[in-house]
Amino acid sequence: MSQLFSFRKVYGPAFVLAVVTACGLLSALLGDGIWDALSWMALAVPLAVIAWKYFAPNRSTSTKN
Amino acid sequence: MAHLNAKTVRNWYRLHKWSSLICTALLLMACITGLPLVFHDEFDALLQPHVAPAQVEAGATTASLDQMVAQAQARFPALHPFSIGWDDDEPRIFVNMSASDNPKDGEIRSLIFDAHTGTLLEAAKDSFDLMRFLLRLHMEIFLGLPGELTMGVMALTFVLSLVSGALVYGPFMWRLDFGTYRRNGPRRTRWFDLHNLLGIVTLTWALVVGATGVMNALSTPLFGLWRAQTLPKIMAPYHGKPVPTYFRSVDESVKQVGAALPQMEVSVVIFPNPIFSSPRHYLVWAKGKTPVTSRMFTPTLIDVETGAVTLSGGLPWYLRILELSRPLHFGDYGGLPLKILWGLFDVVLIIVLVSGLYLWLSKRKAPIEEELDRLVNMESSQGDFIESVIESGADAQ
């Protein structure tokens, strides 16, 4: 039995967040000042996504119906 | 579009479940002790106030290390100099004395000097050090090297659980918008969604902290490997010669390293020691001055009698990776805001662990495994297996 699903839809946002996080983790290693600030902004993105998804009212409770 | 069969998903799921179960308890401990450890500098300043060094103009000359060592020797005649350390943040120099070549916790007596004036600021207090206690729990559960290696295996299992978790994320969540949290769903659905949302969003951070945790746990064997590879060659010419009795000036030796490595600053000097350096050399560790190179240490071995430099240069690749793993594990390389973010990621990880444990513990009529087994056996049906998984995984209360 096989199942089809859109890889891009499921993992696309996760991939973007992975790239943003990786940039954030590396930039503070590369330099001080602006590089640190860049790192803080990048690493705040995944945490902001959590807050947004957790607190935002669901537009549709689920797309599975 | 991705093709998935139920058997593959079942295997990923099993890997995720078992790798998570193996590491959850110790990982939870590591996350909880890690949270205050991220802020260890701040806690140290708060819990262990110290005498501040004198304010000096930039470029002021530094005081003699030899005199500091002589003072320490006079104060602790039964001990011998073990190492000299430079404080990262303030112009303070630690002269560490010990009776043993391999001192255990509490066996080192330290005097702290002003790097510029050379005056004794204070003797390091021998009081209970909460941060040190937490660090030992975090990295070795008070078991020494076996504990370190156990934590390394736990970190490796954690990485496996993250990878397998990311792989089952797709088949379990594909029908929902990314990161959907069904706030109005039953309790188990909410925990299921929370686990998946927090897990997938912080995946990269968790992978980096997990993988660097594996590296840090290997620190002792990796340094041992390096010493085993380099020291026999260095010691060969000294074979049969008596143990040195004359110890040349530390100041001169440090100056020598400073001249040879102008882009670096000396960070630690280890006195002749058969375990941590060589019985015939000062081992001088110098580091760079930028955020990344200040984590990279370059060793120089200087003959204590002749002053001949017997080794100077880079470390093998595995120690470079180890050095880079430290900041990426502790999050202490981008100021206080980075530490706060690190702490928040850590809290998120704790919630992922607890919610995972809840999802496993909460009893259900149709466990996910049984559902997956049934679907693997259903060869012909094009029934919506993913939907069934979501039903069984999320909606059973």
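On the stretch given as segment B:149-176, residues that are touching a Lys or Arg at 6+ places or on another chain (Cβ under 9 Å), within 14 Å of chain A (Cβ to nearest Cβ) and small (Gly, Ala, Ser) total 0.
If you check A:48, A:22, A:37, A:56 for being more than 11 Å from the chain's Cα centre (by Cα), surrounded by fewer than 17 Cβ atoms within 10 Å (Cβ to Cβ) and at pLDDT 95 or above, only one passes: A:37.
Considering each residue of segment B:68-93, count those that are of a type outside the set (A, V, I, L, M) and surrounded by fewer than 13 Cβ atoms within 10 Å (Cβ to Cβ), and give that number. Full working, then the answer.
Looking only at segment B:68-93, we keep the residues that are of a type outside the set (A, V, I, L, M), and these are B:71, B:73, B:75-77, B:80-83, B:85-92.
Subset that is surrounded by fewer than 13 Cβ atoms within 10 Å (Cβ to Cβ): B:77, B:88-89.
Number satisfying all stated conditions: 3.
In segment B:251-271, the residues that are of a type in the set (S, T, N, Q) reach residues that are surrounded by fewer than 16 Cβ atoms within 10 Å (Cβ to Cβ) with C-beta atoms within less than 8 angstrom, at least six apart or across chains, in these pairs: B:253/B:307; B:256/B:307; B:263/B:289; B:263/B:293.
Out of curiosity, is residue B:7 basic (Lys, Arg), within 14 Å of chain A (Cβ to nearest Cβ) and farther than 29 Å from residue B:107 by Cα?
Details: basic (Lys, Arg): yes; within 14 Å of chain A (Cβ to nearest Cβ): yes; farther than 29 Å from residue B:107 by Cα: yes.
Answer is yes for this residue.
Of the residues making up segment B:181-206, those that are more than 7 Å from chain A (Cβ to nearest Cβ) and over 14 Å from the mean Cα position of the chain (by Cα) number 13. For residue B:145, the criteria (1) facing another protein chain (nearest Cβ under 10 Å); (2) in contact (Cβ under 8 Å) with a residue 60 or more places away in the chain hold in every case but one, which is (1). Do you know which residues across segment B:221-253 are touching a strand residue (DSSP E or B) at 6+ places or on another chain (Cβ under 7 Å) and more than 30 Å from residue B:148 (Cα to Cα)? Within segment B:221-253, B:250, B:253 qualify.
Would you please name the residue that is nearest to the chain's Cα centre (by Cα), looking only at residues in segment B:309-339 that are part of a helix (DSSP H, G or I) and farther than 15 Å from residue B:215 by Cα?
Here the answer is B:339.
Residues to consider are B:105, B:177; find the one that is part of a loop (DSSP other than H, G, I, E, B), surrounded by fewer than 21 Cβ atoms within 10 Å (Cβ to Cβ) and assigned by TED's automatic domain parsing to the domain that holds residue B:341. None of the others qualify; the one that does is B:177.
Answer yes or no: is there a residue in segment B:238-250 that is surrounded by fewer than 21 Cβ atoms within 10 Å (Cβ to Cβ), part of a helix (DSSP H, G or I), more than 14 Å from chain A (Cβ to nearest Cβ) and at pLDDT below 90.
Initial filter on segment B:238-250 (surrounded by fewer than 21 Cβ atoms within 10 Å (Cβ to Cβ)): B:238-249.
This time we only want the ones that are part of a helix (DSSP H, G or I), so: B:238.
From the residues that got through so far, the ones that are more than 14 Å from chain A (Cβ to nearest Cβ) too are B:238.
Those still in the list that are at pLDDT below 90 too: B:238.
Within segment B:238-250, one or more residues are surrounded by fewer than 21 Cβ atoms within 10 Å (Cβ to Cβ), part of a helix (DSSP H, G or I), more than 14 Å from chain A (Cβ to nearest Cβ) and at pLDDT below 90.
Report yes if residue A:28 is crowded, with 18+ Cβ neighbours inside 10 Å and either at pLDDT below 95 or assigned to a helix (DSSP H, G or I) (or both), otherwise no. Don't jump to the end; show me each part of the working.
On the way: crowded, with 18+ Cβ neighbours inside 10 Å: yes; either at pLDDT below 95 or assigned to a helix (DSSP H, G or I) (or both): yes.
Spelling it out, residue A:28 is indeed crowded, with 18+ Cβ neighbours inside 10 Å and either at pLDDT below 95 or assigned to a helix (DSSP H, G or I) (or both).
Checking each residue in segment B:299-308 for being in contact with a Lys or Arg (Cβ under 7 Å, 6 or more places away or on another chain) and in a strand (DSSP E or B) picks out only B:303.
Those residues that are small (Gly, Ala, Ser) and over 15 Å from residue B:300 (Cα atoms), I need them from segment B:213-254; list them, please. Outline the logic, then answer.
If we filter segment B:213-254 for residues that are small (Gly, Ala, Ser), which is where we start, we get B:213, B:217, B:219, B:224, B:228, B:236, B:240, B:249, B:253.
Of everything in segment B:213-254, those that are small (Gly, Ala, Ser) and over 15 Å from residue B:300 (Cα atoms) turn out to be B:213, B:217, B:219, B:224, B:228, B:236, B:240, B:249.
Taking residues in segment B:292-310 that are buried (at least 21 other Cβ atoms within 10 Å of the Cβ), and partners anywhere that are assigned to a helix (DSSP H, G or I) and among the polar types (S, T, N, Q), the pairs with Cβ atoms closer than 7 Å and at least 6 places apart or on different chains are B:302/B:253; B:302/B:256.
The values are calculated or read from the model by the stated rules, or taken from the named source; none is laboratory data. No experiment lies behind these values; they were computed from the predicted model shown. Ideal geometry is used to build each Cβ from the backbone, glycine not excepted, and the neighbour counts take in all protein chains shown.
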